[in-house]
Amino acid sequence: MPSVSVGVIANPASGRDVRRLVTGASVFDNAEKGAMVHRLLAGLGAAGVDRVVMMPAGSGVSASLQRHLGGRTGHLAAQHLPILEVLDMATAEDARDSAAAARAMAARPVAAIVVLGGDGTHRVVAGHCGDIPLCALSTGTNNAFPELREATVAGVATGLVATGRLTGDGLLRRDKRLEVSLNGGATRDGALVDVAVTAERWVGSRALWRPGALTEAVVAFASPSAVGLSAVAAAVSPVARGAPFGLHLRLAPPEQAPTVVTVPLAPGLVIEVGVVDARRVAAGEVVALAPMAGCLALDGEREHELGPADRVTVRVA
């Protein structure tokens with residue numbers, strides 16, 4: 001049987017944004033991320049994965065992982081673990097690291113990539129990994145795309161698919177992507193959950209948590225169990241991940257909107273949001289957002305500052 005490699009990208013900055021200060025969000029400890037990678041290795045090894053290629057992870061993640069690996073005794077010491085290889089790459093301590101690691105893993109290539117992070121981390125990796133399957137593990141603040149999963153079980157499942165020991169329909173799912181273009185150019189960026197416009201003029205601390213400034217959003221899926229704009233859309237019209245359409249919302253302050261929904265916009269922050277209207281957006285359809293000065297937010301984080309002359313389109317792909 002040929003050697004099988006799986007990539008691991010653990011974002012040390014996930015779960016540590018401004019929402020832990022202004023809402024009820026908790027900090028996802030980097031020591032726990034290291035422990036999760038250790039459990040993930042056990043699951044991957046049990047499924048027959050030979051090698052794990054990992055993005056360099058500072059801020060306590062790597063130290064925690066090494067402590068767990070060095071402290072294995074008894075039944076833990078008897079378990080087979082994959083060879084752990086850390087990518088030889090310079091780090092910038094921001095999203096560029098996840099992008100560079102995903103590209104390096106795609107070039108090798110690896111059979112799958114396990115991502116530990118929030119919506120933003122998964123968005124970056126999905127934009128650079130090509131068609132490599134992702135196993136999404138939630139370690140962020142405001143997560144709609146990745147779900148909470150036990151890392152050991154996730155490792156076994158990923159390993160069984162990566163090694164080909166488990167085959168058949170339904171094992172992998174291709175999720176929708178929101179492709180963003182600016183001023184008629186080629187696709188500039190993308191999102192996995194939502195694209196939104198806010199009247200806030202500066203990127204600043206990035207995270208969205210002031211609903212009164214939101215004017216428009218396109219969501220790929222709308223889940224009642226989510227937090228953020230996906231929850232806002234779900235309160236109007238739920239959209240399953242596998243549905244062949246998304247949802248376009250026009251938003252306003254509650255006192256100016258015909259519909260008001262009460263949703264968890266961030267962990268611990270349940271608030272009223274005004275919805276002017278909502279309509280389905282078919283796969284392949286392009287939505288032109290209303291021009292205005294402000295910021296374009298992708299998956300809950302402000303990414304691009306906009307002037308009143310900028311034209312933004314979003315395509316559900």
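Things worth noting here:
- Residue match in the stretch 275-295 (condition: assigned to a strand (DSSP E or B), surrounded by fewer than 18 Cβ atoms within 10 Å (Cβ to Cβ) and within 21 Å of the chain's Cα centre (by Cα)): no
- Among the residues examined, R302 qualifies as open to solvent by 10 Å² or more (accessible area, probe 1.4 Å), in contact with a Cys (Cβ under 8 Å, 6 or more places away or on another chain) and either charged (D, E, K, R) or outside any strand (DSSP E or B) (or both).
- Qualifying position, being touching a Gly at 6+ places or on another chain (Cβ under 9 Å), part of a loop (DSSP other than H, G, I, E, B) and either of a type in the set (A, V, I, L, M) or closer than 21 Å to R174 by Cα (or both), among C135, C129: C129
- Subset of the stretch 68-87 that is in contact with a helix residue (DSSP H, G or I) (Cβ under 6 Å, 6 or more places away or on another chain) and surrounded by 14 or more Cβ atoms within 10 Å (Cβ to Cβ) - its residue that is modelled with the lowest pLDDT: H68
- Looking only at the stretch 94-138, and only at residues there that are over 12 Å from A10 (Cα atoms) and of a type in the set (V, I, T), the one that is surrounded by the most Cβ atoms within 10 Å (Cβ to Cβ): V124
- V260 being open to solvent by less than 20 Å² (accessible area, probe 1.4 Å), touching a helix residue (DSSP H, G or I) at 6+ places or on another chain (Cβ under 9 Å) and over 20 Å from P308 (Cα atoms): no
- Look at the stretch 158-187: where a residue is under 16 Å from V114 (Cβ atoms) and without any contact (Cβ under 8 Å) to a residue 60 or more places away in the chain and a partner is of a type outside the set (A, V, I, L, M, F, W, C) and surrounded by 11 or more Cβ atoms within 10 Å (Cβ to Cβ), sitting 6+ places away or on another chain with Cβ atoms under 8 Å, you get V161/P133; L172/P133.
- Residue count, the stretch 142-156 (criterion: among the aliphatic types (A, V, I, L, M), open to solvent by 30 Å² or more (accessible area, probe 1.4 Å) and in a loop (DSSP other than H, G, I, E, B)): 1
- Scanning the stretch 241-257 for residues that are open to solvent by less than 50 Å² (accessible area, probe 1.4 Å) and either under 18 Å from the mean Cα position of the chain (by Cα) or within 26 Å of R173 (Cα to Cα) (or both) yields R241, A243, F245, G246, L247, H248, L249.
The values are calculated or read from the model by the stated rules, or taken from the named source; none is laboratory data. Values in this document were obtained by computation on a predicted structure and should not be read as measured data. A quick note on method: Cβ atoms are made from the backbone with ideal geometry, for glycine too, and the neighbour counts reach across all protein chains shown. In case anyone asks, the SASA skips ligands and DNA or RNA and just uses the protein heavy atoms, side chains included. Shrake-Rupley method; radii C 1.70, N 1.55, O 1.52, S 1.80 Å.
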